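Peer 1: Here's a structure for you.
The values are calculated or read from the model by the stated rules, or taken from the named source; none is laboratory data. Everything quoted here is computed from the prediction, not taken from an experiment. Neighbour counts run over all protein chains shown; Cβ positions are idealised from the backbone, glycine included. Please note that ligands, DNA and RNA were not included when accessible areas were found on the heavy atoms of the full protein model with its side chains. Shrake-Rupley method; radii C 1.70, N 1.55, O 1.52, S 1.80 Å.
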Amino acid sequence: MSAGPRIVEVRQNILRHNDEVARALRSRFREAGVFVVSLVSSPGSGKTAFLEKTLTRMRERFRPAALVGDLATDNDAVRLARSGAPVKQITTGTLCHLEAAMVERALEGWNLADIDFLFLENVGNLVCPASWDIGEDLRVVLLSVTEGEDKPLKYPTIFNTADVAVITKIDLAAAVEFDWTAAQRNIAAVRPGMPVIPVSSKTGEGMPQWIDFIEARRCESGGL
């Protein structure tokens, strides 16, 4: 008998179990009043710099924390810890995405009642994370101006499953001749009506709008 159907069945069972853990996590988060934001992007999009600035700004009014996924090293966690927010690294080894069970294990020792916003920085990848629910309330896909305007067309699944697109490194837009119209058109072609927020972690441009956006989403969810 062909191994094909068996492989499909195993994958479906794995995803089913992941979804069960994700639902349990989401219930825990909501009971504790924690709003969970996952960040997905390709490598080099500026995701970690963006998250560091986000954590630093949010600490003025809220209690943010972050779980950081990476294949190896704790470099990103060390960097994010400079914000003063609680941070833990999730080392995935050869796995190219975070799974709900990884998030569940990483939460051990943390009191969710002490957290308002939990950020989940996924492994740099626009393919694998698209299929995995990790208990988030809001999925954010990042696209840097240095990557080009066609990323949404090349990776439609992740853009279609995201709730908001953040365009990073906008301070470099002119230098790389980034076509804003084409980028907006491509995003809209995959996910019509999805909010798009341009930001620069270097200059701070767009960061207040980003913070306002996630605060408003938390309010809408009943978290405030």
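Peer 1: Averaged per residue, what accessible area in Å² does the chain show with a 1.4 Å probe, protein chains only?
Peer 2: Working: 10510 Å² over 224 residues.
On a per-residue basis, 47 Å².
Peer 1: Over region 166-224, with a single point scatterer placed on each C-alpha, what log10 of the ratio I(q)/I(0) does the Debye formula yield at q = 0.17, 0.21, 0.26, 0.29 1/Å?
Peer 2: After summing over all Cα pairs, the log10 values are -0.68, -0.90, -1.07, -1.12.
Peer 1: What nm distance separates the two modelled labels at GLU31 and ALA188, each placed 7 Å from Cα along Cα→Cβ?
Peer 2: With each label point 7 Å from Cα toward Cβ, the separation is 4.4 nm.
Peer 1: Length gain on complete extension for the stretch VAL78 to LEU153, per 0.36 nm per residue less the alpha carbon to alpha carbon distance? Can you show the working numbers first?
Peer 2: Values: separation 75, 0.36 × 75 = 27.00 nm, distance 3.38 nm.
Fully extending the segment from VAL78 to LEU153 adds 23.6 nm.
Peer 1: So how do HIS97, HIS17 rank on accessible area, 1.4 Å probe, biggest first, that is with the largest at the start? Mind showing how you got there, number by number?
Peer 2: Values: HIS97 15, HIS17 105 Å².
Solvent-accessible surface, decreasing: HIS17, HIS97.
Peer 1: Ok, one more. Mind running the shape call on region 13-83? Use the C-alpha gyration tensor, a ≥ b ≥ c as the square roots of the eigenvalues: rounded below 1.5 for a/c, prolate if a/b tops b/c, oblate otherwise. Each step should come with its number before you reach the end.
Peer 2: Working: a/c = 2.45, a/b = 1.29, b/c = 1.90.
Cα axes put region 13-83 in the oblate bin.
Peer 1: Just to be sure I understand: if I project the alpha-carbon convex hull of the chain onto a plane and average over all orientations, what area do I get in nm²?
Peer 2: On the way: hull surface 52.2 nm².
Averaged projected hull area, Cα only: 13.1 nm².
Peer 1: So what's the convex hull volume per residue for the Cα atoms of region 54-160, in Å³? Walk me through the numbers on the way to the answer.
Peer 2: Working: hull volume 13.1 nm³, N = 107.
About 122 Å³ per residue, rounded to a whole number.
Peer 1: Among THR91, GLN12, PHE62, whose Cα sits farthest toward the positive end of the charge dipole of region 1-124 (+1 at Cβ of Lys/Arg, -1 at Cβ of Asp/Glu, about the Cα centre)?
Peer 2: PHE62
Peer 1: What's the carbon and sulfur percent of the chain's accessible surface, probe 1.4 angstrom, rounded to a whole number?
Peer 2: 50 percent
Peer 1: If you place +1 on the Cβ of every Lys and Arg, -1 on the Cβ of every Asp and Glu, and leave all else neutral, what size is the dipole of the chain about its Cα centre, to the nearest 20 Debye?
Peer 2: 140 debye
Peer 1: Averaging sequence separations of C-alpha pairs under 8 Å and six or more residues apart, then dividing by the length of the chain, give the relative contact order as a whole percent. If you can, show how the numbers build up before the last one.
Peer 2: Working: 398 pairs, mean separation 52.2, N = 224.
Normalised by residue count, the contact order of the chain is 23 percent.
Peer 1: May I pose another question? Treating only the Cβ atoms of Lys and Arg (+1) and Asp and Glu (-1) as charged, compute the dipole magnitude of region 148-191 about its Cα centre; round to the nearest 20 debye. Walk me through the numbers before you get to the answer.
Peer 2: Values: 5 positive and 6 negative charges, 35 e Å.
Its charge dipole is roughly 160 debye.
Peer 1: Which of the cysteines in the chain are isolated, no other cysteine C-beta under 4.7 Å?
Peer 2: So far as the 4.7 Å Cβ criterion goes, CYS219 stand without a partner in the chain.
Peer 1: Here's something else I'd like to know. Place +1 on the Cβ of every Lys and Arg and -1 on the Cβ of every Asp and Glu in the chain, take the dipole about the Cα centre, and give the residue among VAL36, PRO192, ALA101 whose Cα lies farthest towards its positive end.
Peer 2: So the residue we want is ALA101.
Peer 1: Which of the peptides 71-82, 136-147 is most tightly packed, and how do the rest follow, judged by the mean count of other Cβ atoms within 10 Å per residue? Can you show the working numbers first?
Peer 2: Working: 71-82: 15.3, 136-147: 23.1.
Ranking the peptides 71-82, 136-147 by packing returns 136-147, 71-82.
Peer 1: Charges at C-beta only: +1 for Lys and Arg, -1 for Asp and Glu. How large is the resulting dipole of region 82-155 about its Cα centre, in Debye rounded to 20? Before the final figure, lay out the partial values.
Peer 2: Working: 6 positive and 12 negative charges, 49 e Å.
The dipole of region 82-155 has a size of about 240 debye.
Peer 1: Can you give the helix-only mean residue ellipticity at 222 nm for the chain, where every DSSP H stretch with n ≥ 4 adds -39500 (n - 2.57) and the sum goes over all residues, rounded to the nearest 500 deg cm²/dmol?
Peer 2: It comes out at -12000 deg cm²/dmol, rounded to the nearest 500.
Peer 1: Using θ = phi - 60° and the Karplus form 6.51 cos²θ - 1.76 cosθ + 1.60, what ³J(HN,Hα) does each residue of region 151-160 get, whole Hz, x for Gly and Pro?
Peer 2: Result, ordered by residue: 3, x, 6, 6, 10, x, 5, 5, 6, 6 Hz.
Peer 1: Which length gain, in nm to one decimal place, applies between TRP180 and THR91 when the Cα-Cα distance is subtracted from 0.36 nm times their residue separation? Walk me through the numbers before you get to the answer.
Peer 2: Numbers: separation 89, 0.36 × 89 = 32.04 nm, distance 3.52 nm.
Stretched fully, the TRP180-THR91 segment lengthens by 28.5 nm.
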